[in-house]
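Since the structure comes first, as structure tokens, the remarks are kept for the end.
The values are calculated or read from the model by the stated rules, or taken from the named source; none is laboratory data. Please read these numbers as outputs of a predicted model, since none were measured by experiment. Using ideal geometry, Cβ is built from the backbone for each residue, glycine included, and neighbour counts are taken over all protein chains shown.
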Amino acid sequence: MTDTGMCKNGKRIYMAGSGGMLGEGFHDVLVPNHTLKCTDIDLNTNWLSFLDFRDFESYRRDVREFAPDCLFHLGAFTDLEYCENHPADTYVTNTLAVENAVYIANELPVKVERLDPSPPFGQEKEHLAKLLGEGKLAAALVAGDSGYPGLFGGGVLPGIMGKVPGVKPLFEDSDEIIRYVKRTQIYPIIHIMTIKEETVEKNPDLAAKLIEAFREANRLAAKFFTPAQAEGYAKEREVLGYDPYSCVLTPADKKSLQALNRYQIEQGLVKKELPLESLFVKEAFLM
């Protein structure tokens, strides 16, 4: 969520450490309507320029020369094994560089706010909305609505944060969101159930029965929808071209999981690509 000023097009945005999947996602969404400068030490695409944000003076000078409205500091070491084996490098990259980014941001018309003390669980959105409305924050990143409200709006989040005048989503254009989903075929998976291999081995028919139970629940669910929910789910299926709640791994689900896997590799959370067949029981691929 953001205030009305941040919603306007034509902002100058500096993104440091933006050579990974997160930076690519930000770039693709923001570049049509804003002026970006994206930097990284790994120049893996033509829209990146070199900057080692661990070099404070170079970082500060580059940001000042660009004169951004917003500064996004995206880079960090996330490979726990590397961090444990290289504590000094990790400290400079993951701690000092972030402190430097905050220092640089404080010299800009950008404000950084820490929720201290933290609000009770589930109440942080109201607190952030208040800070936005008071002008103490320029923007706040929060978990959004899933499913059709995430595509078309009208979910819980706007009702919570939208109570404060001037606070609205950064991306209000549903058509833009839909175009992104259709182009990338990446659509967040809302829920996933895990089961131990030993349990499946002891009960060979358990997985198939569970999947069929959920599929039957999906078929019966329409009887319990409100008219608005029924319309929303129908519109979601129409836009996506498939039922995301059918409890089967669709081609789009596979692309979403593969994108997640690439991110995990990039962040050092896993070492290699994981074949989907190794993660799901065979019944998940069949209707």
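Worth a mention:
- Reported count of residues in the stretch 201-231, each being of a type in the set (Asp, Glu), in a helix (DSSP H, G or I) and more than 18 Å from Gly155 (Cβ to Cβ), is 3.
- For the stretch 254-280, residues that are among the hydrophobic types (A, V, I, L, M, F, W, C) and within 18 Å of Val181 (Cα to Cα) total 3.
- Set side by side, the residues Gln229, Gln185 differ, and just one is within 19 Å of the chain's Cα centre (by Cα) and not acidic (Asp, Glu), which is Gln185.
- Residues of the stretch 50-75 satisfying the condition of being in contact with a Leu (Cβ under 7 Å, 6 or more places away or on another chain) and part of a strand (DSSP E or B): Phe50, Leu71
- Note on the stretch 249-282: among residues that are part of a loop (DSSP other than H, G, I, E, B) and of a type in the set (A, V, I, L, M, F, W, C), the one that is nearest to the chain's Cα centre (by Cα) is Leu269.
- Among all residues of the stretch 179-187, there is none that is of a type in the set (A, V, I, L, M), loosely packed, with under 14 Cβ neighbours inside 10 Å and out of contact with any His (no Cβ under 8 Å at 6 or more places or on another chain).
- Conditions (1) over 19 Å from the mean Cα position of the chain (by Cα); (2) farther than 24 Å from Asp145 by Cβ; (3) of a type outside the set (S, T, N, Q): number failed by Val239: (2)
- Test result for Glu113, part of a loop (DSSP other than H, G, I, E, B), out of contact with any strand residue (DSSP E or B) (no Cβ under 8 Å at 6 or more places or on another chain), modelled with pLDDT under 85 and farther than 30 Å from Ala234 by Cβ: yes
- So Pro169, is it outside the structural domain of Glu231 (by TED's automatic domain parsing) and closer than 25 Å to Ala228 by Cα: yes
This table checks each residue for (1) surrounded by 14 or more Cβ atoms within 10 Å (Cβ to Cβ); (2) touching a residue at least 12 places away in the same chain (Cβ under 8 Å); (3) β-branched (Val, Ile, Thr).
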residue: Ala138; (1), (2), (3): yes, yes, no
residue: Leu157; (1), (2), (3): yes, yes, no
residue: Met161; (1), (2), (3): yes, yes, no
residue: Pro165; (1), (2), (3): no, yes, no
residue: Glu172; (1), (2), (3): no, yes, no
residue: Ile192; (1), (2), (3): no, no, yes
residue: Lys196; (1), (2), (3): no, no, no
residue: Asp205; (1), (2), (3): no, no, no
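- Inspection of the stretch 151-174 identifies no residue that is over 26 Å from Ile189 (Cα atoms), part of a loop (DSSP other than H, G, I, E, B) and at pLDDT below 80.
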